[in-house]
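The values are calculated or read from the model by the stated rules, or taken from the named source; none is laboratory data. Here the structure is a predicted model, which is why all the values come from computation and not from measurement. As a convention, Cβ positions derive from the backbone with ideal geometry for all residues, glycine included, and neighbour counts pool all protein chains shown.
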Ligand SMILES: [Zn+2]
């Protein structure tokens, strides 16, 4: 199989519905093709994301009943006898189709939710980059310039309706240099400024509204890397010209610090 053939069958394969000979041929190709393997991985990630995040909606009983009721009513009143005789089969067909329709609807809603979430993240990423650039341009990096978490954290009290977690990560080479108020996602948020070597990191934090932990995802925007995750009931966005790997290390350190009470 070549890449084109494999990609045409990837979805069927992912659903476990490919016949054995073709599945074997496909797997042989995957073993030697990093691109197709990456596509399969993406597809699996999307599938599990839908499974995890999209609510499943069963067609309501009332809708099912209405659909079933509608058919006999139409055929009983003015249909010829021959058509009425086919009624049982039509009802069975309708039942099958309403099941498929409900499944398609659920999938569409799932994809749509994922899309909305994705678009929301993209819009936020733009805001986060804008906040970062603003802070670098206007000599407005910090409202409270301090390397002491015990100075930075109380500074936010009374300015925000939540208390942002402020961690000292100097041991790991991420030096807290201050804090600032910013405005993202239609709300006041905490911006914490860290330095790693000569690089500035803006870390935006605000309450997530739920305790769901979400793994981080990396985006690249206008020459900056962004890392975004949800943990400890907060939304976290880190933005910097640091490379993605070091940003991930920053995230790991923050998560560790968050898990260890100071
Ligand atoms: Zn391939």
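When the range 1-33 is filtered for residues that are within 16 Å of the ligand (Cβ to nearest atom) and within 30 Å of residue 213 (Cβ to Cβ), the ones remaining, listed by number, are 10, 11, 14.
Could you say which residue among 166, 175, 152 is surrounded by 13 or more Cβ atoms within 10 Å (Cβ to Cβ) and in a loop (DSSP other than H, G, I, E, B)?
Exactly one of 166, 175, 152 is surrounded by 13 or more Cβ atoms within 10 Å (Cβ to Cβ) and in a loop (DSSP other than H, G, I, E, B), namely 166.
Restricting 115, 56 to those that are closer than 30 Å to residue 215 by Cβ, under 28 Å from the mean Cα position of the chain (by Cα) and either at pLDDT 70 or above or not in a helix (DSSP H, G or I) (or both) reduces the list to 56. Pairs are defined by a Cβ separation below 7 Å, a sequence spacing of at least 6 or placement on different chains, a first member in the range 22-44 that is in contact (Cβ under 8 Å) with a residue 24 or more places away in the chain, and a second member that is more than 11 Å from the ligand (Cβ to nearest atom) and assigned to a helix (DSSP H, G or I); the pairs so defined are 26/9; 26/13; 40/14; 43/11; 43/14; 44/14.
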